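Enquirer: Before I ask anything, let me first share the structure, which is written out below as structure tokens.
The values are calculated or read from the model by the stated rules, or taken from the named source; none is laboratory data. Keep in mind the model is a prediction, meaning the values are calculated, not measured. Note that each Cβ is placed from the backbone with ideal geometry, even for glycine, and that neighbours are counted across all protein chains shown.
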Amino acid sequence: MPDQPPPAATRICPMTQAHAAALAQAVLHPSLRAIPVGRMAHEYGAAALLVRQLLDAERQLGNWYAVLDGNGEFVGQVGLVVRRGAQAQLTYWIAAPARGMGHATAAARLAVQLAFAGPELQLLTTVVTPGNAPSLRVLQKTGFARAPALDKPGSHLGFCLQRLAKRREQNPA
């Protein structure tokens, strides 16, 4: 199946209470039970998940964004979780009905731009299960490189994206 072009209208915006119902409906889908956000939602409820994400943002521990399609409908979530110092972790998921439409790639690219917009962040990491071919393609398209040092043996493969230093052109005197 050829890759579809990323939907130009996919956008991300900070998670708010306004996204609660859509988050609850999407995150409780059985296909998300295998990922941390899905496990947390199934165990504690989607409302508790949203409260935790909003508190993370207030405490500057992470930023969570709603992924919206061209009609402004909630189709998933992308997050930037602060790890240590100049490092953060990218996390994302797309609701089952919206998969395969380029939303994850578009959202990941937008999140990467946000992550590197300020001078502080130098390294963005993420992990993916080895059999998750769609997610592996998202990471490839957004410029992530394999980072075996970040692997979680037996469960996840590590990837990283490092800020590129801007080259300064020197004018001859």
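Enquirer: Got a sec? Which of Q77, Q140, Q113 is surrounded by 13 or more Cβ atoms within 10 Å (Cβ to Cβ), polar (S, T, N, Q) and without any contact (Cβ under 8 Å) to a residue 12 or more places away in the chain?
Expert: Q140
Enquirer: Going by the conditions given, is G72 in a loop (DSSP other than H, G, I, E, B), without any contact (Cβ under 8 Å) to a residue 24 or more places away in the chain and over 13 Å from L23 (Cβ atoms)? Before the answer, list the steps.
Expert: Values: in a loop (DSSP other than H, G, I, E, B): yes; without any contact (Cβ under 8 Å) to a residue 24 or more places away in the chain: yes; over 13 Å from L23 (Cβ atoms): yes.
Here the answer is yes, as G72 does meet what is asked.
Enquirer: Look through the stretch 126-172, keep the residues that are hydroxyl-bearing (S, T, Y) and in a loop (DSSP other than H, G, I, E, B), and return whichever of them is modelled with the highest pLDDT. Explain how you work it out, then say what you get.
Expert: Just the residues of the stretch 126-172 that are hydroxyl-bearing (S, T, Y), to begin with: 126, 129, 135, 142, 155.
Subsequent filtering for residues that are in a loop (DSSP other than H, G, I, E, B) retains 129, 142, 155.
Working: T129: 86, T142: 93, S155: 80.
Among residues in the stretch 126-172 that are hydroxyl-bearing (S, T, Y) and in a loop (DSSP other than H, G, I, E, B), the one modelled with the highest pLDDT is T142.
Enquirer: Of the conditions (1) among the small types (G, A, S); (2) more than 26 Å from A133 (Cβ to Cβ); (3) assigned to a strand (DSSP E or B), A88 clears all except one; give me its number.
Expert: Every listed condition holds for A88 apart from (2).
Enquirer: Within the stretch 89-125, restricting attention to residues that are in contact with a helix residue (DSSP H, G or I) (Cβ under 7 Å, 6 or more places away or on another chain) and of a type in the set (S, T, Y), which residue is modelled with the highest pLDDT?
Expert: Only one residue fits best here, namely T105.
Enquirer: Shifting gears a bit: Can you tell me which condition K152 does not meet? The list is (1) farther than 25 Å from A26 by Cα; (2) in contact (Cβ under 8 Å) with a residue 12 or more places away in the chain; (3) surrounded by 13 or more Cβ atoms within 10 Å (Cβ to Cβ), and all the others hold.
Expert: (3)
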